[in-house]
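Reading through the structure tokens given below for one structure.
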Amino acid sequence: MSLDASLQRSDIRNAVVCAIATTAAFFAVNPFVQMAFNDDFMYAFTVRELLRTGHVTYHCGEQAAFITQAYWGAFFVRMFGFSFVALRFSTLPWAAGCAALCYLLARSANLLPTRAIFLTVLLGFSPLFLPLATSFMSDVPALFAILMSLYAFVLAARAASIRIVLAALAVGFTAGLFGGLSRQIVWIVPLTSGLHVAWLRRRQPSVLIASIVGLLANSLAALMLVKWFFAQPYVIAEWGLNYNLRAALREWRHSQAMWLGILLTTVLLILPAAIPATWLSLKGIWRDRAGRRGAIAAGAALIVAIEISLWPDLTVEPWLGHVVSNRGALWGMELSGRRPISQPLFLREFLASVVIFITWLMLTEFADRLLRPHPIRRLSAFFQPPDNNIALPAMFLFATVYLAIFAYHAPRGYLYDRYSLPLIPCISIPLLLKSQGPIGRARILSAVAWVVLAIWSLYAIAATQDVHALAAARRQAIDRLYSAGVHDTAIACGLEYDDWTQLVHEGHMNIIGINSPPGSYNPAVGETPSLKCLYRVEFAHAPDTIPSAFGSVNYLSWLPPFHRRIYIDRFRNPAWLDPATNIPPPMDYEDFHFD
């Protein structure tokens with residue numbers, strides 16, 4: 001497929017349709033409630049303080065620099081007024097853009113239009129992407145910058161016209177630069193793919209100079225930002241390189257578990273795309289069962305068996321807490337108590353078994369390719385394709401460096417399932433390419449994949465709607481207490497509300513392990529010392545609370561059980577009113593279990 005063919009009118013039309021479909025899914029989940037989503041309360045507070053002071057500041061142990069997105073959010077707030085809804089809608093253009101770019105990137109990698117649409121639906125209607133797209137989290141805007149930068153460098157490598165090459169380089173480096181100012185991992189793309197394009201077109205002086213300028217600009221910006229960011233108060237204190245490497249060696253079992261969690265979560269999220277490729281891999285292993293591939297498959301099976309014996313929890317999903325959960329979107333930290341389970345145990349065990357099986361096949365396939373003859377020659381051909389189509393090499397380089405960063409940060413435990421988001425297109429595209437040619441039972445496999453994708457998409461929409469419906473019920477409970485004259489600091493209503501209230505009253509969280517100014521951290525109190533709670537909104541009555549006169553709030557769920565309720569209860573202990581004690585409410589450790 002030529003560069004001109006990659007930009008046919010039908011492809012532009014399909015990309016627009018994919019963007020519109022993603023926008024429709026955004027509205028379908030009803031994200032209009034005035035309540036924060038997960039960690040975006042801290043980003044919302046950054047926007048509020050930016051408008052008040054004119055500076056980007058941090059307050060909760062942030063890891064993302066969030067500079068570009070803060071100004072983008074401030075632009076929306078100036079137009080529509082400050083609200084979580086306005087900030088949530090500021091993510092919509094990036095979400096729609098992700099869908100369009102995902103389709104175009106898939107087409108540039110030589111996927112057929114139907115397969116490219118399949119991939120775009122897999123991403124845009126993912127149970128990971130859709131909840132993040134209807135929030136003010138930084139993941140989706142960062143994914144947009146990654147896809148934009150990748151696609152621009154692919155065009156720069158393939159275009160015949162020097163003007164198009166230079167324009168594409170400008171877009172790629174600019175997207176990487178401004179995307180990296182919000183979420184630093186975006187810089188992986190210009191610093192890998194930009195260098196790749198410079199090498200491929202090194203005999204063209206104007207292209208080489210433009211590439212060097214772009215690489216220097218992004219490298220300098222990255223170094224300056226890192227130095228500035230980790231000097232700011234209330235960000236997560238960065239470990240030194242030597243300390244982190246020693247921790248990685250000392251805590252290698254924990255690091256391995258975290259990395260496996262990312263890997264298995266990613267395979268779960270790309271499950272529909274892996275179905276046709278799985279059949280081909282099985283056929284290949286069976287044909288060569290007495291040869292090299294059979295031996296590799298046996299070795300990979302032994303490794304998988306050892307890992308499962310070391311980590312029995314791998315046999316049940318989810319593997320990492322955050323967005324993808326057996327209780328729908330998010331994993332149960334919204335309120336005290338237990339949110340009803342939406343995925344029964346047998347389904348989670350079945351999904352885990354399928355994912356582990358596919359992971360075994362993928363490991364076998366990857367090892368088989370590495371062990372084929374003439375690895376240097378094949379690697380050179382991969383990175384220097386005859387038509388300069390670097391779509392697959394660019395995604396491979398990004399994913400490799402991205403996973404290496406995971407290994408570096410794994411000892412700290414700061415890995416969540418949402419970090420799998422940029423890996424979805426990078427791994428799905430090669431799998432769909434593998435099964436794109438004529439294969440046996442192609443229609444059956446394709447039909448099965450589309451059915452699984454449809455179920456996946458419906459589940460994502462339902463789970464995302466449910467978390468927003470729960471947020472609306474929480475908002476109703478809070479407003480009921482406000483109407484009775486209850487102060488905001490006298491209410492406990494989950495992480496998003498409690499931490500937002502703390503920020504509004506004190507401007508920062510009381511958290512150990514962040515760059516707190518001297519004397520600002522008080523180990524004798526909890527993370528939200530401004531709260532002196534009389535009431536708690538919770539999923540079920542707890543031993544430390546009693547029913548209050550404010551009753552409960554009912555809401556409807558699209559996942560079973562369909563009729564749900566949250567309670568407005570009162571704490572038994574009147575010591576909550578005593579400022580001298582200032583003891584935070586006891587932690588409900590059940591919130592940190594999946595089962």
In debye to the nearest 20, how big a dipole does the chain give about its Cα centre with +1 on each Lys and Arg Cβ and -1 on each Asp and Glu Cβ? 2260
Using only the alpha-carbon atoms, how far is helix 139-158 inclined from the longest principal axis of the chain? Give it as 0 to 90 degrees, nearest 10. 10
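Given an 8 Å cut-off on Cα distances and at least 6 residues of separation, report the relative contact order of the chain as a percent.
On the way: 934 pairs, mean separation 114.4, N = 595.
Normalised by residue count, the contact order of the chain is 19 percent.
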Among ILE358, ASN218, ALA159, flag the residue with its Cα farthest along the positive direction of the charge dipole of the chain, charges on Cβ as +1 for Lys/Arg and -1 for Asp/Glu. ALA159
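Is the shape of region 376-503 rounded, prolate or oblate, going by the alpha carbon gyration tensor and its root eigenvalues a ≥ b ≥ c, with a/c under 1.5 for rounded and a/b larger than b/c for prolate?
Note, shape of region 376-503 comes out oblate.
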SER325's amide H: which non-local residues (gap 5+, or another chain) put their own amide H closer than 5 Å, with H modeled 1.01 Å from N in plane and none for Pro or chain starts? LEU330
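List the equivalent ellipsoid semi-axes of region 91-140 in whole Å, largest first, each obtained as the square root of 5λ for an eigenvalue λ of the Cα gyration tensor. It would help to have the intermediate numbers written out before the result.
Values: eigenvalues 93, 22, 9 Å².
In descending order the semi-axes read 22, 10, 7 Å.
Looking only at Cα atoms, what is the convex hull volume of region 1-134 per residue, in Å³?
Working: hull volume 17.1 nm³, N = 134.
Hull volume over Cα atoms, normalised by residue count, gives 128 Å³.
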How many angstrom lie between the C-alpha centres of region 18-39 and region 348-411? 33
Go through region 91-102 residue by residue and turn each phi into a ³J(HN,Hα) via Karplus (6.51, -1.76, 1.60, θ = phi - 60°); whole Hz please, and just put x for glycine and proline. 7, 4, x, 6, 5, 5, x, 4, 5, 4, 5, 4
Spelling it out for SER336: with amide H atoms placed in the peptide plane at 1.01 Å from N, the residues 5 or more places away or on another chain with amide H under 5 Å from its amide H are GLY494, PHE539
By how many nm would the segment from THR53 to LYS227 lengthen if fully extended, with 0.36 nm per residue of separation less the alpha-carbon distance? 60.4 nm
Using the number of other C-beta atoms within 10 angstrom as an exposure proxy, rank VAL77, VAL213 with the fewest first. VAL213, VAL77
In whole angstrom, note down how far apart the Cα centers of region 147-179 and region 48-78 are. 28
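What net charge is computed for the residues neighbouring ARG88, neighbours being all others with C-beta under 14 Å from the C-beta of ARG88, Lys and Arg scored +1, Asp and Glu -1? Could you put the intermediate results ahead of the total?
Numbers: positive: ARG475; negative: ASP39, ASP40, ASP139, GLU496.
In short, -3.
Could you compute the FRET efficiency for PHE346 and ASN554, with r as their C-beta to C-beta distance and R0 at 41 Å, rounded to 0.05? Mind dumping the intermediate values first?
Values: r = 29 Å, r/R0 = 0.70.
With R0 = 41 Å, the Cβ-Cβ based efficiency is 0.90.
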Taking just the C-alpha trace of region 241-439, give me its Rg and Dmax in Å. 18.3, 59
Give the separation of the Cα centroids, region 248-314 to region 511-579, in Å. 41
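Hand me the trypsin sites (Lys or Arg not before Pro) from region 416-495 located in a DSSP loop with no more than 15 other Cβ atoms within 10 Å, in residue order please.
Working: sites: ARG418, LYS434, ARG441, ARG443, ARG474, ARG475, ARG480; in loops: ARG441.
Here the sparse-neighbourhood loop sites are ARG441.
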Normalised by the empirical 2.2 N^0.38 Å for globular proteins, what value does the Cα Rg of region 350-393 take? 1.58
Could you state the angle between the C-alpha long axis of helix 423-434 and the longest principal axis of the C-alpha atoms of the chain, as a value from 0 to 90 degrees rounded to the nearest 10? 30
Convert 20 °C to kelvin, take the viscosity as 1.002 mPa s, use the Kirkwood radius over C-alpha pairs of the chain as Rh, and evaluate the Stokes-Einstein diffusion coefficient in µm²/s, rounded to a whole number. 84
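Only helical DSSP H runs with n ≥ 4 go in: add -39500 (n - 2.57) per run for the chain, normalise by residue count and round the 222 nm mean residue ellipticity to 500 deg cm²/dmol. Could you put the intermediate results ahead of the total?
Numbers: 22 runs with 354 residues, N = 595.
About -19500 deg cm²/dmol.
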Using amide H atoms built 1.01 Å from N in the peptide plane, name the residues 5+ places from ILE514, or on other chains, whose amide H lies under 5 Å from its own. ALA237
Likely footprinting exposure, VAL324, VAL140, fewest C-beta neighbours within 10 Å first: VAL140, VAL324
Evaluate E = 1/(1 + (r/R0)^6) for ALA447 and HIS563, where r is the Cβ-Cβ distance and R0 equals 35 Å; express this FRET efficiency to the nearest 0.05. 0.50
Calc'd 3J(HN,Hα), region 518-529, phi into Karplus 6.51 cos²θ - 1.76 cosθ + 1.60 (θ = phi - 60°), Hz, glycine/Pro = x, comes to x, x, 8, 8, 10, x, 7, 10, x, 6, 10, x
Relative contact order, percent, of region 3-239 when contacts are C-alpha pairs under 8 Å separated by at least 6 residues? 22
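Beyond 32 Å, what share of the Cα-Cα pairs of region 3-239 remains, rounded to the nearest whole percent? Before the final figure, lay out the partial values.
Details: 6899 of 27966 pairs.
Within region 3-239, distances greater than 32 Å cover 25 percent of Cα pairs.
Hey, what's the per residue convex hull volume over the C-alpha atoms of region 421-575, in cubic angstrom? Before the final figure, lay out each step's value.
Details: hull volume 27.6 nm³, N = 155.
Dividing the Cα hull volume of region 421-575 by its residues yields 178 Å³.
Find the relative contact order for region 241-439 and round it to a whole percent, using C-alpha pairs within less than 8 Å whose residues are 6+ positions apart. All intermediate terms of the calculation are to be shown ahead of the outcome.
Working: 173 pairs, mean separation 78.9, N = 199.
The normalised contact order for region 241-439 reaches 40 percent.
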Could you give the length gained on full extension between ARG570 and LEU195, defined as 0.36 nm per residue of separation minus the Cα-Cα distance, in nm? 129.0 nm
Ranked by how many other beta carbons lie within 10 Å on average, peptides 219-232, 346-359, 145-158, 18-31 from highest: 145-158, 18-31, 346-359, 219-232
Using the charge dipole of the chain (Lys, Arg: +1 at Cβ; Asp, Glu: -1 at Cβ; taken about the Cα centre), state which of ASN510, ILE209, LEU330 has its Cα farthest towards the positive end. ILE209
Could you give each residue of region 191-199 its phi-based ³J(HN,Hα) in whole Hz, using Karplus coefficients 6.51, -1.76, 1.60 with θ = phi - 60°, and x for Gly or Pro? 7, 10, 5, x, 5, 4, 5, 4, 5
In terms of Cα to Cα distance under 27 Å, which lysines are near enough to LYS283, apart from those fewer than 8 places away along the same chain? LYS434
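Here, each number is a calculation from the coordinates, and none is a lab measurement. Quick caveat, the model's predicted, so the values are computed rather than measured. Counting neighbours? That spans all protein chains shown, and the Cβs are built from the backbone with ideal geometry, glycine included.
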